[in-house]
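Engineer: Dropping the structure in here first, questions after.
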Amino acid sequence: MKSVIITAALLVVSGIAWCEDRVFLKSGGMVEVRILSMTESEMRILDETPETPGAGPVQGAISSQEVAYIEFHLSENERRVFENLQTAPLSVLEELWGIRFHQLALPRSPIGAYGLELARRWSASDDPVDHQRALNRLEVLMTRAWDEQIRSEAQAERIRVLLRIGEHQTAEHEASQWLAQTENPVLLLEAKWMAAQVDFDALRALEQEHPRWEQDEDVKPERMRLYRGLLESFLEPSLEHPRVRVAAHRGLISAAELAEFDGDEELADSFRRDAALWYPEQHLQPLSPP
């Protein structure tokens, strides 16, 4: 499979160059054109096969209000990359991002997936420059991607990067903002999960700074507030949203990790048993990264 992806990498740019997208109009018509750009008012297009014999490519415009939806054409080479993003060469993803960037806000465009994979590659790097690239790319996805799921995953990944590089206050601020703005119950659970990761980091830092917190009456209340709040947050999905199975299972595993951190192995084992019993199919899968 790797050789297939590399072969596609060598051909992908030329494979995209002459692909035409299908624009379906509210009137019932359809045109096959290359989309050059799109705003709230109009879509700029290039018709490479005009009706006039012998005529070259013709640029034109379509009112955005007339567009029902778009089917983006992926060449065979690009489709192979799209279906194997995690093994696609970084250089190919960067080229695809540059070629299709103007489509980021267009429904059904694949560009958001390319940008998100790029950001994840950069965030996994040990290079601070790559971390900043990831943060910048994720911010673009959060504000401009058409797909709510891509925007949500970009926000979650951005908070992960901020936590990784030690920007805890910024991570806490962004997690709080996300919580305040999210109404979708599934995305709300994801936002709460990321906010809890910020608090868990704060709990670890507090205990590291105050190893004798149990004897410090000024520190103990804050430590217990963080612990109880985290336990409530981690158990909320399984108690109140048990059908959101990924979030519910992840919450129970996180509750087990919290109990283990607190030194209560019996409680940790209990949470893990519940996770395996109630969500066996999730228990066999790797968890989302913290």
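Engineer: Which order, highest average first, do 134-141, 152-159, 30-37 follow once you tally other Cβ atoms within 10 Å for each residue and take the mean per peptide?
Structural biologist: Ranking, from highest mean packing down: 152-159, 134-141, 30-37.
Engineer: Using Cα-Cα distances under 8 Å and only pairs 6 or more residues apart, what relative contact order does the chain have, in percent?
Structural biologist: Relative contact order, the chain: 10 percent.
Engineer: Rounded, prolate or oblate: which fits the stretch 82-165, taking a ≥ b ≥ c as square roots of the Cα gyration tensor eigenvalues, rounded meaning a/c under 1.5, else prolate when a/b beats b/c?
Structural biologist: Note, shape of the stretch 82-165 comes out oblate.
Engineer: Taking H placed 1.01 Å from N in the peptide plane, check which residues at least 5 places from LEU36 or on another chain put their amide H under 5 Å from its amide H.
Structural biologist: So LEU36 has HN proximity to ARG44, ILE45, LEU46.
Engineer: Write down the Kirkwood hydrodynamic radius of the chain, to one decimal in angstroms, obtained as one divided by the mean of 1/r over all alpha carbon pairs.
Structural biologist: Taking the inverse mean of 1/r over all distinct Cα pairs, the chain comes out at 22.0 Å.
Engineer: Can you compute the charge dipole magnitude of the stretch 82-165 about its Cα centre, using +1 on each Lys and Arg Cβ and -1 on each Asp and Glu Cβ, nothing else charged? Give it in debye, rounded to the nearest 20.
Structural biologist: Here the stretch 82-165 has a charge dipole of around 200 debye.
Quick note: the coordinates plus some simple rules give every number you see, no bench work behind them. Just so it is clear, the structure is predicted and the values come from calculations on it, not from any experiment. Using ideal geometry, Cβ is built from the backbone for each residue, glycine included, and neighbour counts are taken over all protein chains shown.
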